[in-house]
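The values are calculated or read from the model by the stated rules, or taken from the named source; none is laboratory data. Bear in mind the structure is a predicted one, so any value in this text is a computation, not a measurement. Glycine also receives a Cβ, built like all others from the backbone with ideal geometry; neighbour counts cover every protein chain displayed. Heavy atoms of the whole protein, side chains included, go into the accessibility calculation; ligands, DNA and RNA do not. Shrake-Rupley method; radii C 1.70, N 1.55, O 1.52, S 1.80 Å.
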Amino acid sequence: MTRRRFRYVPFTIEQDQTAEPEYEACCVSGDDVECGAESGTHSGPGPVEEWQRRHTQETGHRRYRRDFGDYAVMRPPAELAELAWANGGTA
């Protein structure tokens, strides 16, 4: 059996600023069967919330499943130091 030694590297997890987050909602109102109407995917929560308001006005439905998705970047300490230097001392 071979042994390996892994060194702990304190990565930082950050939201990827080069990719927009995604917001969406799905109507889950209904007794036996969920409505299933969907807001579509948007880059901010505003259009999704407005869709929910309109859907509630039109149907009386009041229960939604909301989803938020984004992308994350793992940055090792050396990369953080480089970013800080490139940004004049702040990462």
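When the range 23-37 is filtered for residues that are closer than 22 Å to Tyr71 by Cα and of a type outside the set (A, V, I, L, M, F, W, C), the ones remaining, listed by number, are Tyr23, Glu24. Take the conditions (1) open to solvent by 70 Å² or more (accessible area, probe 1.4 Å); (2) in a loop (DSSP other than H, G, I, E, B); Ser29 misses just one of them, which is (1). Just one residue in the set Ala78, Ala84 is modelled with pLDDT under 90, open to solvent by 60 Å² or more (accessible area, probe 1.4 Å) and in a helix (DSSP H, G or I); that residue is Ala78. Out of the range 42-69, which residues are assigned to a loop (DSSP other than H, G, I, E, B), out of contact with any strand residue (DSSP E or B) (no Cβ under 6 Å at 6 or more places or on another chain) and not basic (Lys, Arg)? Of everything in the range 42-69, those that are assigned to a loop (DSSP other than H, G, I, E, B), out of contact with any strand residue (DSSP E or B) (no Cβ under 6 Å at 6 or more places or on another chain) and not basic (Lys, Arg) turn out to be Ser43, Gly44, Gly60.
Between Glu58, Glu50, Glu34, Glu38, the distinction of being charged (D, E, K, R), open to solvent by 70 Å² or more (accessible area, probe 1.4 Å) and closer than 30 Å to Val73 by Cβ belongs to Glu38 only. Restricting the range 61-75 to residues that are farther than 24 Å from Ser39 by Cα and surrounded by 12 or more Cβ atoms within 10 Å (Cβ to Cβ), which is modelled with the highest pLDDT? Taking the candidates together, the pick is Val73.
Yes or no, residue by residue, for (1) modelled with pLDDT under 95; (2) touching an Asp or Glu at 6+ places or on another chain (Cβ under 9 Å):
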{"residue": "Arg7", "(1), (2)": "yes, no"}
{"residue": "Glu14", "(1), (2)": "yes, no"}
{"residue": "Glu24", "(1), (2)": "no, yes"}
{"residue": "Cys27", "(1), (2)": "no, yes"}
{"residue": "Asp31", "(1), (2)": "yes, no"}
{"residue": "Cys35", "(1), (2)": "no, no"}
{"residue": "Ser39", "(1), (2)": "no, yes"}
{"residue": "Gly46", "(1), (2)": "no, no"}
{"residue": "Arg54", "(1), (2)": "no, no"}
